Amino acid sequence: MPVQITVNIEDISMLKEIKQAIKMIKGVISVDKSDAMKSYERSRADVKAGRVVKCKDKEDFFNKLGF
């Protein structure tokens, strides 16, 4: 059964070399680049898509939650 690991790199310019190095390891069957969004990127996407609710105060917030 294949197992997946995640490698986070800081310098994107090294991506090609890192992928080549990982492919040389015995047993590696594939190396793919993931475009997973960071939390702040997901937040910005939520705002852009209108998935944000504005509340005037905490009472308004709780009312919108149904409490």
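None of the figures in this text is laboratory data; all of them are computed from the coordinates on show. Nothing here was measured: the structure is a model prediction, and the numbers come from that model. For neighbour counting, all protein chains shown are included, and Cβ atoms are generated from backbone atoms with ideal geometry for every residue, glycine included.
Would you compute, from DSSP H runs of 4+ residues alone, the mean residue ellipticity of the chain at 222 nm, taking -39500 (n - 2.57) per run and dividing by the full residue count, rounded to the nearest 500?
Numbers: 3 runs with 28 residues, N = 67.
Theoretical 222 nm ellipticity from helices: -12000 deg cm²/dmol.
What does the charge add up to near Ala49, with Lys and Arg as +1, Asp and Glu as -1, over the other residues with Cβ less than 13 Å from its Cβ?
Here the count lands on +2.
Listed by chain and number, the aspartates and glutamates whose C-alpha is less than 13 Å from the C-alpha of Lys33, apart from same-chain residues fewer than 8 away, are Glu17.
How much length would be gained if the chain were fully extended between Ala45 and Phe61, taking 0.36 nm per residue of separation minus their Cα-Cα distance, in nm to one decimal?
Contour length minus Cα-Cα distance gives 3.6 nm.
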